[in-house]
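Colleague: Structure in structure tokens, see below.
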Amino acid sequence: VESVTLEVANDVLQRTEGSIKDFKPLVRYKEFGSSINLSVILRVRKYVDQYLVQHEFIKQLHKHYKKEHIELPAPQPQQHTRTK
């Protein structure tokens, strides 16, 4: 997951307008539970550029995860019970 994510992040930074092309993206793991949550750090030139870079990153990441048979866990419904 980490290597595929970094590969996609590098590619998106090279190809997307508004990105900082010489920045090396970072993956940082945040939580471990029923899934492993991570953050991907990319850099953009202007605040507004983040939207296109994020858009392209998510599209490409989805495509590459599917190609590599990396499955994302389905959201788990939360059940709350109340006691009196």
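A short reminder: the numbers here are calculations on the coordinates, not readings from a lab. Note that the structure is a prediction, hence the values are computed from the model and not measured. Methodologically, a virtual Cβ is constructed for each residue, glycine included, from the backbone with ideal geometry; neighbour enumeration extends over all protein chains shown.
Colleague: To the nearest 10 degrees, how steeply does helix 2-15 sit against the main Cα axis of the chain, on a 0 to 90 scale?
Modeller: The answer is roughly 40 degrees.
Colleague: Return an integer: the convex hull volume of the alpha-carbon atoms of segment 30-70, in Å³ per residue.
Modeller: 84 Å³
Colleague: Need one number for the chain: average projected area of the convex hull over its C-alpha atoms, nm².
Modeller: Computed as one quarter of the Cα hull surface, the answer is 7.6 nm².
Colleague: Positive end of the charge dipole of the chain (Lys, Arg +1 and Asp, Glu -1 on Cβ, about the Cα centre): tell me which of Asn10, Leu38, His62 has its Cα farthest that way.
Modeller: Of Asn10, Leu38, His62, it is Leu38.
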